2 protein chains.
Amino acid sequence: MRRASFYIIRDMIKLSDVNHRLQKAHYAVRGRIVQRAQELEEQGRKIIYCNIGNPQALRQKPLTFVRQVLALLEYPELMDGPAAAAFPADVVRRARAVMEKNPNGMGAYTQSAGIPFIRRAVANFIERRDGIPADPNHILLTDGASKGVQAVFTLLTNRENDGYMIPIPQYPLYSATIDLYGARRIDYYLDEANRWELNEPELERSLAEGKSGGVNPVAIAVINPGNPTGAVLPRKNIGMIIRFAKRHGLAILADEVYQENVYGEGLEFVSFARVMHELGEKEVPLFSFHSVSKGFLGECGQRGGYMEVRNLPDDVFAELIKLQSIGLCANTAGQITTYLMVDPPAPGDESYGLYEKEKGAVLGDLKAKAEILGRGLNAIEGMSVNIPEGAMYAFVRFDLPHADGTDPAAMTPEERRKYEAARDNKYCLRLLESTGICVVPGSGFGQQPGTLHFRTTFLPPKEDITALVEKMKKFHVSYVEKLRES
Amino acid sequence: MRRASFYIIRDMIKLSDVNHRLQKAHYAVRGRIVQRAQELEEQGRKIIYCNIGNPQALRQKPLTFVRQVLALLEYPELMDGPAAAAFPADVVRRARAVMEKNPNGMGAYTQSAGIPFIRRAVANFIERRDGIPADPNHILLTDGASKGVQAVFTLLTNRENDGYMIPIPQYPLYSATIDLYGARRIDYYLDEANRWELNEPELERSLAEGKSGGVNPVAIAVINPGNPTGAVLPRKNIGMIIRFAKRHGLAILADEVYQENVYGEGLEFVSFARVMHELGEKEVPLFSFHSVSKGFLGECGQRGGYMEVRNLPDDVFAELIKLQSIGLCANTAGQITTYLMVDPPAPGDESYGLYEKEKGAVLGDLKAKAEILGRGLNAIEGMSVNIPEGAMYAFVRFDLPHADGTDPAAMTPEERRKYEAARDNKYCLRLLESTGICVVPGSGFGQQPGTLHFRTTFLPPKEDITALVEKMKKFHVSYVEKLRES
């Protein structure tokens with residue numbers, strides 16, 4: 001009951017009062033099904049979280065070298081006492097070198113763009129990786145890649161009708177950020193039948209459709225290796241995208257956080273920066289993103305990453321640094337972890353052997369699990385998947401029978417989208433409730449009308465993956481059966 | 001020269017193409033004068049950075065307990081070897097307890113709202129501090145307080161004309177965020193003659209002016225203890241603000257990051273939450289912010305903090321958590337530092353003595369420096385300051401003669417603002433160039449027309465503060481003299 005008052009009181013803030021763009025934004029990876037999983041877990045159910053690329057939550061071990069350096073930097077007094085003996089000599093050398101180059105330590109705000117020597121180390125890393133020059137002054141250290149991506153959306157969204165080309169399926173960071181910032185989206189479909197490549201006619205089709213709908217396209221986002229697709233783009237595909245972007249005056253957002261996660265035989269990660277350099281392309285603005293959360297570090301909690309820009313005027317880049325400055329700077333543990341990622345132990349260093357062994361174990365394990373999962377799911381009737389070549393995900397297609405009298409082809413596109421979203425959501429919810437496996441419905445990433453998918457990671461321990469496939473099979477068969485009977 | 005091309009090429013992104021709101025946003029604390037200071041430093045000049053509350057960059061030591069626990073959590077293997085002897089027993093116990101309550105460790109994404117046991121610890125802290133109940137489910141862990149403040153601006157800004165009442169002078173996070181999100185601002189002046197308190201007629205005046213200008217006010221921001229003013233608000237002033245907010249249907253943003261930094265005799269920090277509880281106020285939405293960057297920890301680089309909300313419907317708070325989820329979660333080192341801030345060693349713990357000693361030294365030092373700086377500056381002719389009662393800043397008023405024939409009173413308000421901003425900027429630039437002291441011009445925070453100020457921290461080591469005052473005096477006298485001669 002409302003108390004009497006002498007004042008005219010406006011109602012307390014209601015949901016309908018708050019930012020309508022935020023209300024619209026939807027981030028499937030942490031959506032309703034994950035909330036339900038947390039509820040079930042609190043009730044004592046064992047949940048296998050395959051909804052998010054969070055390796056250390058699924059028992060992947062951090063790299064010893066990274067954590068040893070971080071520990072010394074948090075508490076440098078360790079180096080001056082007998083506890084120093086617990087650390088390899090190169091770890092102590094490395095920690096001392098960091099303190100010399102960054103004497104303010106872990107507890108001080110850094111420059112807004114990040115600690116200068118780390119920006120140089122990132123430039124060196126790109127030079128070594130790609131054999132091309134890189135400029136430390138065009139590098140910005142961020143709290144994970146997501147914050148870098150959001151910063152670029154903030155930078156480039158200037159007018160109401162500014163829009164972004166995003167892949168379908170996509171990582172929902174993109175759709176959510178576009179909704180949040182009031183920009184427009186232009187969906188282009190990845191080619192499931194062709195290892196999820198981008199194809200040029202589809203890019204042209206979607207762009208034309210976006211423009212005819214009044215959208216002013218400013219950039220195209222590409223995720224390589226792909227999330228949720230697990231695809232690794234070939235060089236010629238990247239060249240095609242660069243030429244497409246140039247033809248239409250678009251900037252490129254290259255989400256390259258899975259660059260270390262390439263498993264397919266004969267495949268390699270090729271960066272947009274490298275192809276641009278090889279093509280002598282000097283006009284298409286490129287923003288590329290990397291992170292400590294993926295690869296073989298899996299240091300999601302440290303929130304570290306960087307953005308490298310090319311073909312961008314300095315005064316425009318300065319606006320990105322100013323944006324960062326309003327929140328001061330990225331966290332120092334994340335910045336240091338980024339540094340250790342781009343400048344790992346070298347041959348001859350005391351830590352080198354263990355580092356390589358741990359790295360190899362993580363990547364070898366992921367490669368094996370991608371295979372086991374992919375082959376296992378492909379053997380289930382009514383399920384199919386491109387066996388992941390990279391990243392940490394499989395985007396699995398599954399078929400469900402329709403109820404008698406239901407004809408999706410007769411629905412409006414919006415009706416159909418809702419009908420199909422309801423179907424994949426219900427499927428994933430039942431899968432969770434019946435098996436404890438938490439995956440994300442395909443509608444959260446987007447999918448071709450007429451298809452249903454879910455995204456699963458292949459991060460659980462290897463010994464659990466076979467059992468997981470078995471459970472999925474049993475569930476799918478019984479779910480389809482029930483649908484047929486109903 | 002432009003290369004020939006078969007394509008019609010849109011120009012590369014130019015500054016004029018990018019987000020006009022970002023272009024407009026200005027963050028004085030890291031603005032032009034700080035850039036100039038960095039240039040001078042690179043040329044070998046010794047710079048005393050008084051522009052930003054970054055204690056560990058000015059030789060304040062981190063608390064041993066905090067860093068010991070962080071080191072063990074980054075590299076838990078330390079606890080199982082002989083190096084464990086380097087740590088007090090309660091530090092090891094604490095680290096083990098954290099790992100039990102958060103078994104995923106530092107490298108995993110946490111829940112979007114933060115690690116659950118830390119949210120409970122924050123609620124317990126508020127209960128102990130204020131003697132009032134607090135709900136862990138209304139607490140959100142953030143990457144420093146700035147990110148929390150920005151999240152609330154994102155939440156509450158729904159329409160073009162939504163506006164925020166902000167103090168003048170203010171911390172430029174507020175003005176910059178308002179510009180960035182395209183909201184409107186309503187400036188209310190703090191009462192310099194009355195220890196920078198808020199006064200009710202001025203609040204009413206500014207609100208009426210804002211409304212008559214078409215602004216729809218949604219919230220009022222209050223910084224207590226004050227930045228840049230160094231003032232500590234008395235309880236009755238807080239009660240007045242709550243009643244004012246209720247009368248006008250406003251939410252309150254209470255920036256309480258300096259709550260441990262209270263130095264004035266007989267003064268104490270009083271939280272908005274406590275006064276609201278005492279008044280039985282159940283309708284005014286309150287967002288209060290705290291941080292590990294200030295107080296006596298000074299852990300700016302760790303980027304840790306929290307937001308507590310009151311009188312906010314759960315579905316509205318859920319939107320804040322969703323917003324956080326789009327960037328995944330706050331960094332783990334910052335979350336753990338927040339935990340250690342709200343749950344420090346207790347009497348009987350092995351670390352208690354050292355913790356209290358280090359805490360006392362930092363706070364005692366700040367109190368002494370506030371006095372030395374305040375008294376020293378007040379003794380300079382043409383300079384005056386309210387001796388800081390709290391926070392880490394003095395907002396120093398200074399007078400300059402006008403050139404013959406210049407009459408600011410005859411200018412339009414906009415001309416006058418520009419004239420005065422040019423004057424305090426030039427003054428601070430010359431101060432920097434002649435003494436190496438880097439302070440921020442008052443126009444970056446806002447000031448009453450007809451007055452000039454600069455903000456300085458009192459963070460340099462005590463032995464440097466007296467010399468700093470001496471240098472400022474010499475500079476001021478000579479600057480005024482030159483102005484008189486010109």
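Report the trypsin sites (Lys or Arg not before Pro) located in region B:133-233 that are in a DSSP loop and have at most 14 other Cβ atoms inside 10 Å of their Cβ, or state none.
Those satisfying the criteria are B:Arg159.
Hey, what angle do you get for helix A:314-326 against the long axis of chain A, alpha-carbon based, 0 to 90 degrees rounded to 10? Between the helix axis and the principal axis of chain A, the angle is about 80 degrees.
In region B:230-263, what chymotrypsin sites (Phe, Trp or Tyr not before Pro) fall in a loop by DSSP, with at most 11 other Cβ atoms inside 10 Å?
Taking region B:230-263 and a limit of 11 other Cβ atoms within 10 Å, no loop chymotrypsin sites (Phe, Trp or Tyr not before Pro) are found.
Partner aspartates and glutamates whose Cα lies under 19 Å from the Cα of B:Lys473, excluding those fewer than 8 positions away in the same chain, are identified as B:Glu371, B:Glu381, B:Asp399, B:Asp424, B:Glu433, B:Glu463, B:Asp464, B:Glu481, B:Glu485.
Ranked for footprinting exposure by Cβ neighbours inside 10 Å, fewest first, A:Ser325, A:Ser288, A:Ser486 give A:Ser486, A:Ser325, A:Ser288.
In this structure, the pairs whose alpha-carbon distance is over 25 Å, taken from B:Lys46/B:Lys369; A:Lys211/B:Lys14; A:Lys211/A:Lys294, are A:Lys211/A:Lys294. Relative to one another, the C-alpha centroids of region B:14-31 and region B:135-168 are positioned 20 Å apart. Where does the charge balance sit around B:Pro103 when Lys and Arg score +1, Asp and Glu -1, over other residues with C-beta under 12 Å from its C-beta? It works out to a net charge of +2. Computed 3J(HN,Hα) for region A:336-345, one whole-Hz value per residue from the Karplus formula 6.51 cos²θ - 1.76 cosθ + 1.60 where θ = phi - 60°, is 5, 4, 4, 4, 5, 5, 7, 9, x, x, glycine and proline marked x.
Straight-line cross-link reach from B:Lys418 at under 20 Å between alpha-carbon atoms covers these lysines, not counting any fewer than eight positions away in the same chain: B:Lys24, B:Lys426. Residues whose amide H comes within less than 5 Å of that of A:Tyr263, counting only those at least five positions distant or on another chain, are A:Gly390 (H built at 1.01 Å from N in the peptide plane).
To the nearest ten degrees, helix B:413-435 and the longest principal axis of the Cα atoms of chain B are 70 degrees apart. Taking 7 Å along the Cα-to-C-beta vector as the label spot, tell me the B:Lys357-B:Glu200 distance in nanometres, rounded to one decimal. So the two model labels end up 5.0 nm from each other. Look at the alpha carbon pairs under 8 Å that are at least 6 residues apart: their mean separation over the length of region B:99-342 gives a relative contact order of 26 percent. Within straight-line reach of A:Lys322, meaning a Cα separation under 14 Å, sit the following aspartates and glutamates at least 8 residues removed in sequence or on another chain: A:Asp314, B:Asp179. In percent, how large is the relative contact order of region B:260-308, given Cα pairs closer than 8 Å and 6 or more residues apart? Result for region B:260-308 is 31 percent. Could you tell me what percent of the DSSP beta bridges with both partners in region A:109-342 are antiparallel, to the nearest 5? Among the beta bridges of region A:109-342, antiparallel pairing accounts for roughly 35 percent.
Looking at region B:387-486, which chymotrypsin sites (Phe, Trp or Tyr not before Pro) are in a loop (DSSP not H, G, I, E or B) and have at most 11 other Cβ atoms within 10 Å?
none
For region B:142-148, 3J(HN,Hα) computed residue by residue from phi via the Karplus equation (6.51, -1.76, 1.60; θ = phi - 60°) reads 10, 6, x, 5, 4, 5, x Hz, glycine and proline entered as x.
Estimate the FRET efficiency between B:Ala89 and B:Glu127 by the formula 1/(1 + (r/R0)^6), using the beta-carbon distance for r and 35 Å for R0, to the nearest 0.05.
Details: r = 27 Å, r/R0 = 0.78.
It comes out at approximately 0.80.
The stretch between B:Phe117 and B:Met99 holds 5.4 nm of extra length on full extension. This uses 0.36 nm per residue minus the Cα-Cα distance.
In this simple spin-label model, placing a label point 7 Å from the Cα along the Cα-to-Cβ direction at both B:Leu267 and A:Val477 gives a separation of 7.4 nm. Quick check: Cα centre of region B:294-370 to Cα centre of region B:447-486, how many Å? Taking the Cα centre of region B:447-486 as reference, the centre of region B:294-370 is 33 Å away. Its DSSP H runs of at least 4 residues, each contributing -39,500 (n - 2.57), put the calculated 222 nm mean residue ellipticity of chain A at -13500 deg cm²/dmol, to the nearest 500. Take each residue in B:155-164, count the other chain C-beta atoms within 10 Å of its C-beta, and the mean is 3.
Tell me the angle of helix B:32-42 to the major Cα principal axis of chain B, expressed in degrees between 0 and 90 and rounded to the nearest ten. In chain B, helix B:32-42 runs at an angle near 70 degrees to the longest axis. Here the dipole of region B:99-342 is about 320 debye; that uses its Cα centre as origin and unit charges on the Cβ of Lys and Arg (positive) and Asp and Glu (negative). Quick check on chain A: take the gyration tensor over C-alpha atoms, sort the square-rooted eigenvalues as a ≥ b ≥ c, and tell me if it's rounded (a/c under 1.5), prolate or oblate. Rounded, since a/c falls under 1.5.
Between A:Lys418 and A:Lys282, what length comes free when the chain is fully extended (0.36 nm per residue of separation minus the Cα-Cα distance, one decimal in nm)?
Numbers: separation 136, 0.36 × 136 = 48.96 nm, distance 4.31 nm.
Using 0.36 nm per residue and subtracting the Cα-Cα distance, I get 44.6 nm.
Read-outs throughout are calculated quantities, based only on the coordinates presented, and are distinct from any laboratory measurement. Only a predicted model underlies this, so the values are computations on that prediction, with no experimental measurement involved. Neighbour counts are summed over all protein chains in view; Cβ atoms, including those assigned to glycine, are modelled from backbone coordinates with ideal geometry.
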